[in-house]
Each structure stands twice: as structure tokens, then as C-alpha cells.
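First comes the structure, then the notes that go with it.
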Amino acid sequence: MRIRATVAAVSGALVLSAFAVPAAQAADATSGKATLSSASAAASLNVTFSKVKVNNGKAIVVGASAKVAVPVTYTVTHAASLDVSEDNFASGPLIYRGTSVASPANEIISDDPGTCTKASTTVLNCKATIYIRPADDDLANAEAVTWKAGGLAITANGAKKTQGDLGNVPVRRAAQLTADATPEPVKKGKTITVTGKLSRANWETHKNAGYAGQSVKLQFRKNGSTTYTTVKTIKTSSTGALKTTVTATVDGYFRYSFAGTASTSAVNATGDFVDVK
């Protein structure tokens with residue numbers, strides 16, 4: 001796993017920056033523990049994170065290789081005496097998997113500090129972005145589960161605060177779905193064959209792979225209508241393939257629809273138009 005958890009001073013300003021922890025310090029697959037930067041040993045910082053909202057409250061859907069930008073908003077409450085100017089204080093959100101933010105099985109921290117505005121002498125309202133990079137092995141397939149949200153703050157003198165258990169964050173593998181209805185055109189009363197495939201991101205090979213044994217709905221939308229109705233439900237093959245038949249009645253669009261699972265996003269195929277003569 002990759003752990004993004006270092007804080008560096010750049011050009012006099014504090015910056016939360018991403019890096020790959022060396023192999024000797026990376027999260028151990030069996031112990032589930034990770035060694036973070038030396039900043040972990042810094043003095044405790046008396047600030048509190050609250051109102052953390054990750055990805056606008058929606059599940060994070062990650063494809064096989066493309067970088068995903070995850071917006072986060074949060075609030076920091078601090079002592080009135082604390083200098084929270086840009087050259088002394090930085091904060092940022094994180095997501096982690098495991099029972100404790102102190103020893104996560106995996107953790108991804110915002111690359112850059114949050115942009116904060118003062119709500120009062122003791123409250124900052126902030127926003128930041130967490131980037132997830134599946135092509136850099138940020139995630140394993142087994143990590144398509146519910147993560148937790150947290151926050152990190154640090155001052156120029158090394159005082160630090162990491163806080164966890166700030167909300168649940170579902171992380172899911174992106175699904176893809178196709179549909180192809182043939183023949184086109186077709187005579188009324190004849191048979192239409194609808195094929196397709198359900199696949200999902202494999203974060204370890206960085207490619208999509210067929211999703212076997214999943215229930216998928218075949219849906220139809222009459223030409224001129226905006227609503228799809230379910231015709232039947234079938235299951236994907238061992239390779240994620242779909243195939244079924246229906247009787248041609250009127251012009252319209254056929255598509256497959258997948259409701260998703262705890263690990264994989266919902267998806268609808270693009271409707272395929274059939275001209276019925």
C-alpha cells in the first residue's frame with residue numbers, strides 16, 4: 001500500500017505533500033501497520049476537526065487507472081491564541097482503512113493544505129482535495145469497502161494533530177456496462193437478441209475485468225418516452241457476458257442496468273435503438 005502522510009516546509013510555507021513510503025516503512029499486509037513520517041512524534045496540537053464531508057457525501061468510485069479527485073470540506077476549531085496564518089499552520093483531510101488512524105492499514109492524505117477561511121477567532125472553514133491514484137497502487141481490490149474520514153494539522157514548530165473517526169467513506173470499484181440489440185431493423189413479432197458485458201475496475205492489474213454472477217436488468221424505453229421499464233433480469237456469465245432475447249413490438253431503446261454492490265458502483269448501459277418495421 002502507499003501511505004501519503006508527510007508534511008514538508010516549502011518556500012517558507014507549510015505544504016501537505018504526497019510521497020511513497022519506502023518499502024521498509026510501507027504498510028505490512030499481515031500486520032496492517034504502517035510507519036509514518038517523523039512528524040508523528042511531534043508535540044500534540046490542540047485543534048479539533050468536525051463537519052468533515054468527503055465527496056459531497058457520495059461513495060468514491062475509482063476506475064482501473066485514472067486519478068480521482070475527491071473534494072472534501074471540513075471545519076477546524078482552535079485556540080484563539082494559535083497562529084493559523086499560512087506560514088505557521090496547515091491542515092488537510094485524509095481517508096483511512098482500519099480500526100485506528102494512528103495505525104491504519106492504508107491511508108491517503110490530501111496532497112496540499114486545505115484552503116481555509118476564518119468563521120471566527122477560533123473556527124476555520126476549509127476545503128481541500130484528496131487524490132486517489134490507482135495506477136500508483138493506492139488501492140487493492142479488497143479495499144473496496146467503507147473507509148473512515150480524518151484530518152491532519154501541523155504548525156511550523158512541528159506540533160501535530162491527527163484525528164480519526166470523522167465519518168464513513170464508501171470506496172467502490174467503477175463498473176462498466178454495454179448493450180447491443182440485434183438485428184436492426186427488425187420486423188414486428190420477430191426475435192431481438194440483446195448482448196452485453198458487465199466489467200469492473202481491477203485496481204491490481206489496472207484494467208477492467210468481467211464481473212461474474214451478477215444480476216442485471218434488461219430495460220426498454222419506447223421511442224418518444226423518457227422512462228425505462230424492466231423487461232427481465234438475468235445473470236452475467238463467468239466472464240461478465242450478458243445475452244437474452246425478447247420479441248420485437250415497437251421502436252425503442254434497450255439497455256442493461258446494474259444496481260451495484262457494496263464493492264462496485266451502479267451503472268447503466270447506453271440505450272441501443274431498434275427500429276421495428
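The values are calculated or read from the model by the stated rules, or taken from the named source; none is laboratory data. All values reported here derive from a predicted model rather than from experimental measurement. Cβ atoms come from the backbone with ideal geometry, glycine included; neighbour counts cover every protein chain shown. Protein only, heavy atoms only, side chains kept; ligands, DNA and RNA dropped before computing areas. Shrake-Rupley method; radii C 1.70, N 1.55, O 1.52, S 1.80 Å.
Scan segment 94-118 for residues that are open to solvent by 60 Å² or more (accessible area, probe 1.4 Å) and either aliphatic (A, V, I, L, M) or outside any strand (DSSP E or B) (or both) and report the count. Steps first, please.
Step one: of segment 94-118, the residues open to solvent by 60 Å² or more (accessible area, probe 1.4 Å) are 97, 99, 102, 112, 115, 117-118.
Next cut, either aliphatic (A, V, I, L, M) or outside any strand (DSSP E or B) (or both) only: 99, 102, 112.
Counting residues in segment 94-118 that are open to solvent by 60 Å² or more (accessible area, probe 1.4 Å) and either aliphatic (A, V, I, L, M) or outside any strand (DSSP E or B) (or both) gives 3.
Just checking, does segment 148-161 include any residue being outside any strand (DSSP E or B), closer than 25 Å to Asn56 by Cα, touching a strand residue (DSSP E or B) at 6+ places or on another chain (Cβ under 9 Å) and open to solvent by less than 40 Å² (accessible area, probe 1.4 Å)? Explain how you work it out, then say what you get.
Of the residues in segment 148-161, the ones outside any strand (DSSP E or B) are 156-159.
Among the residues that remain, those that are also closer than 25 Å to Asn56 by Cα are: none.
There is no residue in segment 148-161 that is outside any strand (DSSP E or B), closer than 25 Å to Asn56 by Cα, touching a strand residue (DSSP E or B) at 6+ places or on another chain (Cβ under 9 Å) and open to solvent by less than 40 Å² (accessible area, probe 1.4 Å).
With respect to Ala135, determine if the residue is outside any loop (DSSP other than H, G, I, E, B), open to solvent by less than 20 Å² (accessible area, probe 1.4 Å) and not hydroxyl-bearing (Ser, Thr, Tyr).
Working: outside any loop (DSSP other than H, G, I, E, B): yes; open to solvent by less than 20 Å² (accessible area, probe 1.4 Å): no; not hydroxyl-bearing (Ser, Thr, Tyr): yes.
Criteria not met by Ala135.
Scan segment 246-260 residue by residue and report those that are under 17 Å from Lys222 (Cα atoms), assigned to a strand (DSSP E or B) and not charged (D, E, K, R).
To start, the set of residues in segment 246-260 that are under 17 Å from Lys222 (Cα atoms) comprises 246-257.
Going one step further and asking which of them are assigned to a strand (DSSP E or B), we end up with 246-247, 252-257.
Within segment 246-260, Val246, Thr247, Gly252, Tyr253, Phe254, Tyr256, Ser257 meet the criteria.
Looking at this structure, is Ala24 under 22 Å from the mean Cα position of the chain (by Cα), open to solvent by 40 Å² or more (accessible area, probe 1.4 Å) and either modelled with pLDDT under 95 or not hydroxyl-bearing (Ser, Thr, Tyr) (or both)? Quick ask: steps written out before the conclusion?
Values: under 22 Å from the mean Cα position of the chain (by Cα): no; open to solvent by 40 Å² or more (accessible area, probe 1.4 Å): yes; either modelled with pLDDT under 95 or not hydroxyl-bearing (Ser, Thr, Tyr) (or both): yes.
No; evaluated as a whole, the condition is false for this residue.
Which of the residues belonging to segment 78-93 are outside any loop (DSSP other than H, G, I, E, B) and either hydrophobic (A, V, I, L, M, F, W, C) or open to solvent by 60 Å² or more (accessible area, probe 1.4 Å) (or both)? Give the derivation first.
Narrowing segment 78-93 to residues outside any loop (DSSP other than H, G, I, E, B): 78, 89-93.
Result: Phe89, Ala90.
Which ones in segment 245-262 are crowded, with 17+ Cβ neighbours inside 10 Å and of a type in the set (Ser, Thr, Tyr)?
Hits for segment 245-262 are Tyr253, Tyr256, Ser257.
Do we find that Tyr74 is within 25 Å of Arg173 (Cβ to Cβ), hydroxyl-bearing (Ser, Thr, Tyr) and touching a residue at least 40 places away in the same chain (Cβ under 8 Å) in this structure?
It is false that Tyr74 is within 25 Å of Arg173 (Cβ to Cβ), hydroxyl-bearing (Ser, Thr, Tyr) and touching a residue at least 40 places away in the same chain (Cβ under 8 Å).
For segment 119-132, give me each residue that is open to solvent by 30 Å² or more (accessible area, probe 1.4 Å), part of a strand (DSSP E or B) and over 17 Å from Ala174 (Cβ atoms).
Quick first cut of segment 119-132, residues open to solvent by 30 Å² or more (accessible area, probe 1.4 Å) only: 119-123, 125, 127, 129, 131.
After this cut, where a residue has to be part of a strand (DSSP E or B) as well, the list is 123, 125, 127, 129, 131.
If the condition is that a residue be open to solvent by 30 Å² or more (accessible area, probe 1.4 Å), part of a strand (DSSP E or B) and over 17 Å from Ala174 (Cβ atoms), then Val123, Asn125, Lys127, Thr129 are the ones that fit.
Regarding segment 226-242, can at least one residue be identified that is outside any loop (DSSP other than H, G, I, E, B), touching a residue at least 24 places away in the same chain (Cβ under 8 Å) and open to solvent by less than 20 Å² (accessible area, probe 1.4 Å)?
As a first pass, look at segment 226-242 and keep what is outside any loop (DSSP other than H, G, I, E, B): 229-235, 241-242.
From the residues that got through so far, the ones that are touching a residue at least 24 places away in the same chain (Cβ under 8 Å) too are 230, 241-242.
Filter once more, keeping what is open to solvent by less than 20 Å² (accessible area, probe 1.4 Å): 242.
There is at least one residue in segment 226-242 that is outside any loop (DSSP other than H, G, I, E, B), touching a residue at least 24 places away in the same chain (Cβ under 8 Å) and open to solvent by less than 20 Å² (accessible area, probe 1.4 Å).
What number goes with the only condition from (1) open to solvent by 60 Å² or more (accessible area, probe 1.4 Å); (2) outside any loop (DSSP other than H, G, I, E, B); (3) closer than 22 Å to Pro71 by Cβ that Ala201 does not pass?
Only one criterion in (1) open to solvent by 60 Å² or more (accessible area, probe 1.4 Å); (2) outside any loop (DSSP other than H, G, I, E, B); (3) closer than 22 Å to Pro71 by Cβ is unmet by Ala201, namely (1).
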